[in-house]
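Student: Questions regarding the structure given below will be posed in turn.
The values are calculated or read from the model by the stated rules, or taken from the named source; none is laboratory data. Because the structure is predicted, anything quoted here is derived from the model rather than measured. Cβ coordinates were reconstructed from backbone atoms using ideal geometry, including for glycine residues, and neighbour counts include every protein chain displayed.
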Amino acid sequence: MFASKRDVKEAVWAGDITVAGSVVKNIAFQFNPNSKPVHFRGQQLILPSEHRTLILNKPLGVVCSRLNKHERSLGKVSVFSLLNEALSERDHARLLTVGRLDEATTGLLIITTDGQLVHRITSPEFHVNKTYFVNTSQPVAKEGLDRLRQGVEIELEVDGRVELFTTQPAGVEDVDACAYVVTVAEGKKRQIRRMFTAIGHEAIALE
């Protein structure tokens, strides 16, 4: 019924959602779904009685979103398509990724139907750290690693414009000449790659 959060928001804004018989167009509206029935275009929406949570070792070249028409025409592969045989059609349609790994990143990815679990892991208020193994094309000097540990300024795209963002101090361990374990508190888009770019290095592999 809804393939993304955007679909839900648009249904609310369009007046297609009613709560206890009244149209609700405010996406911040709060209520108890166990006591007030919710309908979409006259069809009642029922909360699932149980959730499904999976852990996936995301392969290289796979994206963490539902594919649009253009992406399908390019032959992109989504993590959700890897799970077509693992779940029922109903559960598959409810799946969400807990954060995202970019297309060129591999590693552990949690996929679940539990929106509350997603919130508890990704919301800054719960302070869940993320750890990455990073390979660079050249060794990073101690001064560069210290800059990462102190926080660096990176560029982020926000609503079509570029904004500067200073990262929180990161945990950095050098494993080898060009291999590092980096732990961060935030989860900005392509943050690790941008952090290494900020100190003049390229992260050539990330997991």
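Student: Scan the stretch 116-132 and give yes if some residue there is in contact (Cβ under 8 Å) with a residue 24 or more places away in the chain and more than 21 Å from the chain's Cα centre (by Cα), otherwise no.
Tutor: So far as the stretch 116-132 goes, no, none of its residues is in contact (Cβ under 8 Å) with a residue 24 or more places away in the chain and more than 21 Å from the chain's Cα centre (by Cα).
Student: Can you tell me which residues in the stretch 69-92 are of a type in the set (Asp, Glu) and either surrounded by fewer than 12 Cβ atoms within 10 Å (Cβ to Cβ) or within 23 Å of Ala104 (Cβ to Cβ) (or both)?
Tutor: Glu71, Glu85, Glu89
Student: Please go through the stretch 70-121 and pick out each residue that is among the charged types (D, E, K, R) and either farther than 20 Å from Glu186 by Cβ or not in a helix (DSSP H, G or I) (or both).
Tutor: Within the stretch 70-121, Glu71, Arg72, Lys76, Glu85, Glu89, Arg90, Asp91, Arg94, Arg100, Asp102, Glu103, Asp114 qualify.
Student: Mind counting the residues in the stretch 151-201 that are part of a helix (DSSP H, G or I) and aliphatic (A, V, I, L, M)?
Tutor: 3
Student: Any idea which residue in the stretch 29-68 is surrounded by the fewest Cβ atoms within 10 Å (Cβ to Cβ), counting only those that are small (Gly, Ala, Ser) and closer than 22 Å to Gly99 by Cα?
Tutor: It comes out as Gly61.
Student: Part of a strand (DSSP E or B), modelled with pLDDT of 90 or more and surrounded by fewer than 14 Cβ atoms within 10 Å (Cβ to Cβ): is that true of Asn26 in this structure?
Tutor: It is false that Asn26 is part of a strand (DSSP E or B), modelled with pLDDT of 90 or more and surrounded by fewer than 14 Cβ atoms within 10 Å (Cβ to Cβ).
Student: Test each condition in (1) surrounded by fewer than 15 Cβ atoms within 10 Å (Cβ to Cβ); (2) farther than 24 Å from Val8 by Cβ for Val134 and report the one that comes out false.
Tutor: For Val134, the failing item is (1).
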